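Trainee: Here's a structure for you.
The values are calculated or read from the model by the stated rules, or taken from the named source; none is laboratory data. Quick caveat: nothing in here was measured; it's all calculated off a predicted structure. Note that each Cβ is placed from the backbone with ideal geometry, even for glycine, and that neighbours are counted across all protein chains shown. Please note that ligands, DNA and RNA were not included when accessible areas were found on the heavy atoms of the full protein model with its side chains. Shrake-Rupley method; radii C 1.70, N 1.55, O 1.52, S 1.80 Å.
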Amino acid sequence: MHVVFRESHGLEETETPFDLGQDPAELVVLSFSDSDLGAFAAGWHRGRAGLPTTRLANLVALRHPLSVDTYVEQTLSGAKGILIRLIGGESYWPYGLASVRDLCQRRGIALAVLPADGREDPALDAASTLPVSTLRRLQALCDAGGAVAAQAALAQLALSAGLYAGPVMGAKTVPECGWYHPQKGVIPAPEAGPNPVVITFYRSYLTAADTDPIDALFTALTERGFTPHALFAPSLKAPGAPEFLRSALAALNPVAIINATAFSGKGEDGTTPLDSTLCPVFQVALSTARRKDWAEAARGLSPADLAMHVVLPEVDGRIFAGVISFKSPGKRDPDLQFSRFAHRADAERVAQVADRIAAWHRLSQTRTPRLAMVLSTYPGRPDQLAHAVGLDALASVQSICAELGKACPLDLGPRLARQTLTWPVSDYQAALKTLPPALQSDLATAWGAPETDPAAENGQFHFRALMAGDALIALQPERGEVAKRDDDYHDLTRTPRHGYVAFYLWLRSLNLHALIHMGAHGTLEWLPGKSVALS
């Protein structure tokens, strides 16, 4: 029977048969985990001179029975040893496990079926053809993670299959918490250099040899005159991790921390291990989506990524600095006949984050920073001026001004309601030419000439704003029509009116050091795939 294999791009890709197209090899490793496969790829290349031929495959591609039958016949039938790591037990791959076990029993192939949750599983032991003692040794190596441990697991599997395997040199365990250098791997505690910046990231990225975004960020910071130090831990809350982090940060006294772990790190005392210094803590996102999906989505990050990498870290007071990587398949490895799905650093966005860190550092060295504080006007009633759920934005502005030694009127709300600052429409038209032509065209189509904007009068844009010393305090202009606010305010596809765009171009012209949004929506981030940020 002739079977046509087709490419699948749906949410449930397992409904379509898939042919991995791998030639037979002496060893085969199968897992649902990209981290597992990344570690084995790194381990095989580390010891390739002393290891048999090997194939790697993700079990996601082998969910359809026809995919399993084809893979067993074309690839596994020529193997001498097979290692399978299962998350969730045999029920997660029942047909595949039964097929592989039958093959191995008939042909005398060494088969190790291991749990991926750190617990022993008698059912998986029974599905294997190797002694339990060998299975425990393999499981310990797989649980340890890292390239050296993966190389040792391949060597153990080879020996169990009657194949030659060379000695494995190096530490086969990775500490729970420690320091990492892109060129040196795991290192002792580093010495502080000028302008130290600490990058905190998951230990699992290291053990999976999946550190490309961390390496790229390390390089970008070095190029900008910082001394980066990469610190790994299972999580910010893992046993022993908070104590290690607090001690390490105290020793280095960094000028900034960049955190690449997800979720909130708050403990029962309401603090996180990153709070032990007075430096700003920036959050970066390692997206689990492909860059193409992110670029085409109106909201950018997926709901899960937004929750893990943006919303929950903000509970800790971290400053979101941006996305630095996306997950995608790499080039097919000709030796392993495997295309690894991993985090790929996005050079443009890594540079943007590094530039942002550098700008914050320059700001910290500025004795009297010029800043603007922008307050929301939504939903628009006079009694809800500077509205922010659960926050008193006007009181916050007064506190910030007091902290910075800037005079702020006690009747800030009433003054903002009636006082304005102006900017010539002609200056706006000149600044508008620096924006993308498509945006200029959209503005003209949606709203006509700038002079007709409700905020424009007698050749001037009027913004509700005042000066508190050299600090600007302003209310954000309407994005669209007041009567349609409920529909337009959160519609990112809606082109905002001239007055809104003019407001942010005016702010950019003021050569501010910092812009603080308090309950207001972001600057020009609504631009498709772009942002027009203050310099």
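Trainee: Quick one: Arg332 ticks every box in (1) open to solvent by less than 60 Å² (accessible area, probe 1.4 Å); (2) over 27 Å from Ala514 (Cα atoms) bar one, so which box is it?
Mentor: Unmet for Arg332, out of (1) open to solvent by less than 60 Å² (accessible area, probe 1.4 Å); (2) over 27 Å from Ala514 (Cα atoms): (1).
Trainee: Given the criteria under 24 Å from Asp143 (Cβ atoms) and open to solvent by less than 20 Å² (accessible area, probe 1.4 Å), does Thr173 qualify?
Mentor: No; evaluated as a whole, the condition is false for this residue.
Trainee: Can you tell me which residues in the stretch 112-128 are on the phi < 0 side of the Ramachandran plot, surrounded by fewer than 18 Cβ atoms within 10 Å (Cβ to Cβ) and not in a helix (DSSP H, G or I)?
Mentor: Asp117, Arg119, Glu120
Trainee: Which condition from (1) modelled with pLDDT of 90 or more; (2) over 25 Å from the mean Cα position of the chain (by Cα); (3) surrounded by fewer than 19 Cβ atoms within 10 Å (Cβ to Cβ) is the one that Arg367 breaks?
Mentor: Evaluating Arg367 over (1) modelled with pLDDT of 90 or more; (2) over 25 Å from the mean Cα position of the chain (by Cα); (3) surrounded by fewer than 19 Cβ atoms within 10 Å (Cβ to Cβ) leaves (1) as the failure.
Trainee: How many of the residues in the stretch 292-302 are under 23 Å from Thr200 (Cα atoms), open to solvent by 20 Å² or more (accessible area, probe 1.4 Å) and of a type outside the set (S, T, N, Q)?
Mentor: From the stretch 292-302, those under 23 Å from Thr200 (Cα atoms) are 301-302; that's our starting set.
Cutting the leftovers down to open to solvent by 20 Å² or more (accessible area, probe 1.4 Å) gives us 302.
Still in the running and of a type outside the set (S, T, N, Q): none.
The qualifying residues number 0.
So that you can scan it fast, the table gives a plain yes or no per residue for (1) closer than 26 Å to Leu20 by Cα; (2) in contact with a Pro (Cβ under 6 Å, 6 or more places away or on another chain); (3) touching a residue at least 60 places away in the same chain (Cβ under 8 Å):
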{"site": "Glu73", "(1), (2), (3)": "yes, no, no"}
{"site": "Arg101", "(1), (2), (3)": "yes, no, no"}
{"site": "Pro122", "(1), (2), (3)": "no, no, no"}
{"site": "Ala126", "(1), (2), (3)": "no, no, no"}
{"site": "Arg137", "(1), (2), (3)": "no, no, no"}
{"site": "Ala144", "(1), (2), (3)": "no, no, yes"}
{"site": "Ala147", "(1), (2), (3)": "yes, no, yes"}
{"site": "Leu163", "(1), (2), (3)": "yes, yes, yes"}
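Trainee: May I ask you to list the residues in the stretch 280-292 that are touching a residue at least 40 places away in the same chain (Cβ under 8 Å), not in a helix (DSSP H, G or I) and not small (Gly, Ala, Ser)?
Mentor: The answer is Pro280, Phe282, Val284, Leu286.
Trainee: Sticking with this structure for a sec: Phe461 fails exactly one of the following numbered conditions: (1) more than 28 Å from the chain's Cα centre (by Cα); (2) modelled with pLDDT under 90. What is the number of that condition?
Mentor: All conditions pass for Phe461, except number (2).
Trainee: Search the stretch 73-94 for residues being closer than 15 Å to Ser31 by Cα and of a type in the set (Ser, Thr, Tyr), and hand back the single one that is least open to solvent (accessible area, probe 1.4 Å).
Mentor: Within the stretch 73-94, the first condition is being closer than 15 Å to Ser31 by Cα, and the residues that meet it are 76, 81-94.
The next check asks that each one be of a type in the set (Ser, Thr, Tyr); those that pass are 91-92.
Numbers: Ser91: 88, Tyr92: 120 Å².
Per the criteria, the residue is Ser91.
Trainee: Same structure again: Given the condition open to solvent by 50 Å² or more (accessible area, probe 1.4 Å) and farther than 16 Å from Phe201 by Cβ, answer yes or no: does some residue in the stretch 280-289 qualify?
Mentor: Within the stretch 280-289, not a single residue is open to solvent by 50 Å² or more (accessible area, probe 1.4 Å) and farther than 16 Å from Phe201 by Cβ.
Trainee: In the stretch 27-41, which residues are open to solvent by 30 Å² or more (accessible area, probe 1.4 Å) and either in a helix (DSSP H, G or I) or touching a Gly at 6+ places or on another chain (Cβ under 7 Å) (or both)?
Mentor: Of everything in the stretch 27-41, those that are open to solvent by 30 Å² or more (accessible area, probe 1.4 Å) and either in a helix (DSSP H, G or I) or touching a Gly at 6+ places or on another chain (Cβ under 7 Å) (or both) turn out to be Asp34, Ser35.
Trainee: Another question, then. Counting only residues that are hydroxyl-bearing (Ser, Thr, Tyr) and modelled with pLDDT of 95 or more, which one in the stretch 193-204 is surrounded by the fewest Cβ atoms within 10 Å (Cβ to Cβ)?
Mentor: Tyr202
Trainee: Answer with yes or no whether Asp488 is at pLDDT below 90, under 19 Å from His387 (Cα atoms) and either of a type in the set (Asp, Glu) or surrounded by fewer than 19 Cβ atoms within 10 Å (Cβ to Cβ) (or both).
Mentor: yes
Trainee: Hand me the list of helices (runs of 4 or more DSSP H) wholly inside the stretch 423-491 holding 1 or more residues that are touching a helix residue (DSSP H, G or I) at 6+ places or on another chain (Cβ under 9 Å).
Mentor: Where helices (runs of 4 or more DSSP H) fall fully within the stretch 423-491 and carry at least 1 residues being touching a helix residue (DSSP H, G or I) at 6+ places or on another chain (Cβ under 9 Å), they are 425-432, 437-447.
Trainee: May I pose another question? Is there a residue being hydrophobic (A, V, I, L, M, F, W, C) and under 30 Å from Ala192 (Cβ atoms) anywhere in the stretch 268-277?
Mentor: yes
Trainee: Further, regarding this structure: Before we move on, is Ala449 open to solvent by 30 Å² or more (accessible area, probe 1.4 Å), within 20 Å of Phe463 (Cα to Cα) and small (Gly, Ala, Ser)?
Mentor: In short, yes.
Trainee: Out of everything in the stretch 464-480 that is within 37 Å of the chain's Cα centre (by Cα) and hydrophobic (A, V, I, L, M, F, W, C), what residue ends up being surrounded by the most Cβ atoms within 10 Å (Cβ to Cβ)?
Mentor: For the stretch 464-480, the residue satisfying everything is Ile473.
Trainee: Right, here's the next one. Please give the number of the condition Gln156 fails out of (1) farther than 29 Å from Leu56 by Cα; (2) part of a helix (DSSP H, G or I); (3) free of Cβ contacts under 8 Å to residues at least 40 places away in the same chain.
Mentor: All conditions pass for Gln156, except number (1).
Trainee: Among (1) surrounded by 21 or more Cβ atoms within 10 Å (Cβ to Cβ); (2) of a type in the set (Gly, Ala, Ser); (3) under 31 Å from the mean Cα position of the chain (by Cα), there is one condition Ala144 misses while meeting the rest; what is its number?
Mentor: It fails just one condition, (1).
Trainee: Right, next: Based on what the data block shows, is Pro190 open to solvent by 70 Å² or more (accessible area, probe 1.4 Å) and not hydrophobic (A, V, I, L, M, F, W, C)? Don't jump to the end; show me each part of the working.
Mentor: Details: open to solvent by 70 Å² or more (accessible area, probe 1.4 Å): no; not hydrophobic (A, V, I, L, M, F, W, C): yes.
Taking the combined requirement at face value, the residue does not satisfy it.
Trainee: From the list Thr261, Thr271, exactly one residue is among the β-branched types (Val, Ile, Thr), on the phi < 0 side of the Ramachandran plot and surrounded by fewer than 24 Cβ atoms within 10 Å (Cβ to Cβ). Which is it?
Mentor: After ruling out the rest, the residue left standing is Thr271.
Trainee: Only residues that are free of Cβ contacts under 8 Å to residues at least 12 places away in the same chain and open to solvent by 50 Å² or more (accessible area, probe 1.4 Å): list them for the stretch 336-361, please.
Mentor: Glu348
Trainee: Give the residue, chosen from Ala307, Ala295, Ala321, that is part of a helix (DSSP H, G or I) and in contact (Cβ under 8 Å) with a residue 60 or more places away in the chain.
Mentor: None of the other options fit; the residue is Ala295.
Residue by residue, here is whether (1) out of contact with any Leu (no Cβ under 6 Å at 6 or more places or on another chain); (2) closer than 22 Å to Ser35 by Cα holds:
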residue	(1), (2)
Thr207	yes, yes
Gly225	yes, no
Phe232	no, yes
Ala241	yes, yes
Phe244	yes, no
Ile258	yes, no
Leu286	yes, yes
